[in-house]
Amino acid sequence: MTDDHSYWYLASYPKSGNTWCRVFITELMRLAGDNPGEELNLNQDIETGAIASSRLWLDDQLGINSCDLSFSELDPMRGRAGASAWLFAEGERFHKVHDAFKSPDSRGRPVVSTTGCSGVVYILRHPEDVAVSLSHFFSWPLDRCVDSLLDPSAALVSGERFGGHQVRQYMGRWDQHVRSWADQTQLPVLIMRYEDMLSKGSEIFTELATFLGLPTDSKLIDQALENTSIDRLKKLEDNVDGFAEKPAGCERFFRSGRTGEGAEQLSIKQRKRLANGLSEAMNRFQYEGPGLD
Amino acid sequence: MIKPHRYCALGAEISSDLVLPELTVSESTSNALVQIQQGDHRQWPSLEPSPHSTPILQLAPQDWRLELEGIGWFRATGGERLEWQRWDDSVSDRDIRTFAVTSGLGALAIQRGALVLHGTALEREGEAILLLGHPAAGKSTLAWCLLQEGWHLLSSELVAVGSDGIVQPGMHQLKLWYDAAVTLELDYAQLPTVRKGLKRYALLTEELTCMPQPTPLRLIYALNRAKEKSGKEDDTEAEDEKEKISLKTSRNFSQTTALMRLRNQAFHARMYRGMDAEAQLFMQAAALARTVPLHALIVPDGIKAMAESLKKVDLMQPESMQQRKESKEEDASND
């Protein structure tokens with residue numbers, strides 16, 4: 001082990017650019033390393049750290065089978081599951097989180113450990129585009145995706161009728177999710193909009209590298225960005241014959257990465273529903289809707 | 001004073017103030033090696049801080065503590081004593097024993113020097129197989145299907161294997177989720193839930209055929225679920241369709257790979273590390289890897305497909321289920 005036990009969370013609503021961010025971090029570290037040989041292998045190299053909802057990780061921390069706990073027992077424990085500097089393996093310091101910072105079951109506590117945590121990068125994306133991306137990822141109709149973004153009880157792996165490799169991850173409405181991370185005061189937070197990551201890559205990813213204490217050499221940042229462009233990621237996904245994080249039925253994980261697809265593909269009615277339900281957070285983060293009546 | 005209940009599990013005679021229907025009742029009148037009894041956590045001496053401890057799981061050599069908020073406190077010491085205390089009066093015996101007979105007895109068995117693995121062991125015709133897999137891997141569902149094919153349950157969730165390669169009877173209970181219970185056409189409404197409010201059902205000895213005798217281990221299988229192919233592949237060939245619904249095994253893993261798999265399936269690696277028993281784990285896993293073959297078992301996705309596929313194979317004959325493409329061995333080991 002090195003002396004550096006610090007760890008971070010990469011938090012986001014699903015399909016908001018979290019994986020791109022993780023791939024970028026991996027690539028930046030690879031390029032800054034002593035031997036940046038061949039290109040990135042998506043299925044071998046982006047082990048930046050376990051997802052915070054991993055059942056395997058939680059069971060190891062708790063020393064029990066978490067399937068034997070109800071959501072209302074597990075959620076308050078999750079934040080205490082690993083409150084030591086030794087909880088994460090060396091090199092695995094950037095942990096993906098899709099949970100909201102707190103859940104209705106967590107008794108007001110964060111569902112992630114905050115002790116020893118250096119901070120959180122919160123990535124958000126226009127909810128209209130999230131809806132389209134969710135639709136491709138889960139093979140859901142767009143209406144269902146809009147419903148989900150507006151659902152105060154929305155969660156991943158929410159079923160109580162089967163186990164799974166991840167525990168239930170409460171998200172709530174999209175705007176609740178955003179506020180839960182953006183407004184919490186227990187961890188330093190860097191908020192990044194997906195749209196800015198695309199349009200102002202050098203600037204935003206330099207901020208990211210600075211925040212995470214990673215190399216900030218502009219050549220390295222630009223090279224890492226070039227190597228993790230959507231076209232490159234599509235090619236890398238082809239190289240490994242399917243990205244391991246892609247669900248069954250989803251043709252490819254890295255699909256278009258464009259902004260504005262929601263405005264093109266959602267109906268005016270669907271866009272208005274999102275704008276009506278999420279207006280405060282959309283305004284706060286400069287996301288435009290269709291214009292309300 | 002109420003006479004304690006007597007059981008035999010994981011190679012130890014147990015005396016318990018809790019009724020433990022998951023364990024085999026013992027008629028022995030000799031002194032019990034393990035005592036399970038109510039305690040008072042405020043009387044427990046504090047432990048030295050350990051890098052392996054978490055706020056919930058506190059560890060030291062020969063000392064294991066678990067604090068589950070809203071449920072209770074547990075302590076296993078010296079391989080001989082398991083104490084428990086309810087969080088409050090709303091906590092039922094069932095809540096306590098859910099954690100006492102799994103993590104608690106597992107910790108005691110590690111302290112007693114056993115090799116304890118995450119897995120389920122079954123017996124047929126005097127020989128045992130061990131199904132390895134983390135929680136939610138499908139071990140219990142597969143075990144239930146095997147019981148319908150004439151196998152007997154030796155232990156579920158955790159399995160203790162002696163240095164002589166003998167599997168000790170342990171947990172005589174299968175826990176099935178609602179979806180599995182419905183698919184397997186069990187009358188779940190008649191079954192007790194694992195704990196109040198959970199959609200997870202407990203099948204105890206009266207619903208199971210169990211093996212109460214220690215049994216030599218013949219084969220170890222590491223469970224892998226077959227992944228569905230992505231839409232872009234053309235799976236029209238009948239042979240491919242057949243493959244998707246067949247149970248398959250890999251070739252026997254090399255000893256090194258088998259050792260790694262066994263270590264990774266230790267019943268809570270953190271507990272081994274925190275109780276200073278990692279060297280013991282390594283030696284025992286290496287010995288087991290030398291003497292008992294370990295194969296990956298690729299199980300069809302879907303409970304019905306799994307149950308059907310079992311009817312066509314003999315798990316005592318791994319060669320008969322070997323994949324056509326040997327190159328898949330590495331895939332199968334990629335957990």
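The values are calculated or read from the model by the stated rules, or taken from the named source; none is laboratory data. These figures come from a predicted structure and were not determined experimentally. Note that each Cβ is placed from the backbone with ideal geometry, even for glycine, and that neighbours are counted across all protein chains shown. Surface areas here come from the heavy atoms of the whole protein model, side chains and all, with no ligands, DNA or RNA. Shrake-Rupley method; radii C 1.70, N 1.55, O 1.52, S 1.80 Å.
Key figures for this structure:
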item: Number of the condition not met by residue A:206 [criteria: (1) touching a Leu at 6+ places or on another chain (Cβ under 9 Å); (2) at pLDDT 95 or above]; result: (1)
item: Residue within the stretch B:159-167 that is modelled with pLDDT under 90, open to solvent by 50 Å² or more (accessible area, probe 1.4 Å) and not in a strand (DSSP E or B) present; result: yes
item: Check on residue B:150, within 14 Å of another protein chain (Cβ to nearest Cβ), part of a loop (DSSP other than H, G, I, E, B), small (Gly, Ala, Ser) and farther than 21 Å from residue B:20 by Cβ; result: no
item: Matching residues in the stretch A:159-212 - criterion: being touching a residue at least 24 places away in the same chain (Cβ under 8 Å) and within 14 Å of chain B (Cβ to nearest Cβ); result: A:160, A:163, A:164, A:165, A:166, A:167, A:168
item: Residue among A:162, A:137 that alone is modelled with pLDDT under 95 and either crowded, with 21+ Cβ neighbours inside 10 Å or under 15 Å from the mean Cα position of the chain (by Cα) (or both); result: A:137
item: Cβ-Cβ under 6 Å pairs, at least 6 apart or on other chains, the stretch B:164-179 side farther than 19 Å from residue B:9 by Cβ, far side of a type outside the set (Lys, Arg); result: B:176/B:140; B:176/B:201; B:177/A:162; B:177/A:163; B:179/A:162
item: Residue in the stretch B:77-95 that is under 19 Å from the mean Cα position of the chain (by Cα) and assigned to a helix (DSSP H, G or I) present; result: yes
item: Where residue B:80 falls short, out of the listed (1) open to solvent by 10 Å² or more (accessible area, probe 1.4 Å); (2) at pLDDT below 95; (3) more than 11 Å from chain A (Cβ to nearest Cβ); result: (2)
item: Selected residue (criterion: surrounded by the most Cβ atoms within 10 Å (Cβ to Cβ)) from residues of the stretch B:184-206 that are within 16 Å of residue B:146 (Cβ to Cβ) and touching a residue at least 24 places away in the same chain (Cβ under 8 Å); result: B:203
item: Check on residue B:289, at pLDDT 85 or above, crowded, with 16+ Cβ neighbours inside 10 Å and not hydroxyl-bearing (Ser, Thr, Tyr); result: yes
item: Lone unmet requirement of (1) within 15 Å of the chain's Cα centre (by Cα); (2) over 30 Å from residue B:90 (Cβ atoms); (3) open to solvent by 20 Å² or more (accessible area, probe 1.4 Å) for residue B:136; result: (2)
item: Residue tally, condition in a helix (DSSP H, G or I) and in contact with a helix residue (DSSP H, G or I) (Cβ under 7 Å, 6 or more places away or on another chain), over the stretch B:100-118; result: 2
item: Which numbered condition residue B:31 misses (of (1) within 11 Å of chain A (Cβ to nearest Cβ); (2) outside any strand (DSSP E or B); (3) under 18 Å from residue B:10 (Cβ atoms); (4) at pLDDT below 95); result: (1)
item: Residue in the stretch B:253-272 that is farthest from the other protein chains (Cβ to nearest Cβ), counting only those that are among the small types (Gly, Ala, Ser) and open to solvent by less than 10 Å² (accessible area, probe 1.4 Å); result: B:258
item: Qualifying positions in the stretch A:139-158 - within 14 Å of chain B (Cβ to nearest Cβ) and either assigned to a helix (DSSP H, G or I) or not hydroxyl-bearing (Ser, Thr, Tyr) (or both); result: A:157
item: Residue that is open to solvent by 70 Å² or more (accessible area, probe 1.4 Å) and either modelled with pLDDT of 90 or more or within 14 Å of another protein chain (Cβ to nearest Cβ) (or both), where the choices are B:242, B:227, B:311, B:304; result: B:227
item: Residues of the stretch B:168-183 classified as part of a strand (DSSP E or B), within 14 Å of another protein chain (Cβ to nearest Cβ) and open to solvent by 10 Å² or more (accessible area, probe 1.4 Å), total; result: 2
item: Boolean, residue B:48 is at the interface with another protein chain (Cβ under 8 Å from one of its Cβ atoms) and surrounded by fewer than 21 Cβ atoms within 10 Å (Cβ to Cβ); result: no
item: Filtered residue count, the stretch A:219-271, keeping only those that are away from every other protein chain (no Cβ under 14 Å), more than 20 Å from residue A:29 (Cα to Cα), at pLDDT below 85 and open to solvent by 40 Å² or more (accessible area, probe 1.4 Å); result: 5
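Residue-wise test of (1) modelled with pLDDT of 95 or more; (2) open to solvent by 10 Å² or more (accessible area, probe 1.4 Å); (3) facing another protein chain (nearest Cβ under 10 Å).
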| residue | (1), (2), (3) |
| --- | --- |
| B:65 | yes, yes, yes |
| B:71 | yes, no, yes |
| B:84 | yes, no, no |
| B:88 | yes, yes, no |
| B:92 | yes, yes, no |
| B:108 | yes, no, no |
| B:116 | yes, no, no |
| B:124 | yes, yes, no |
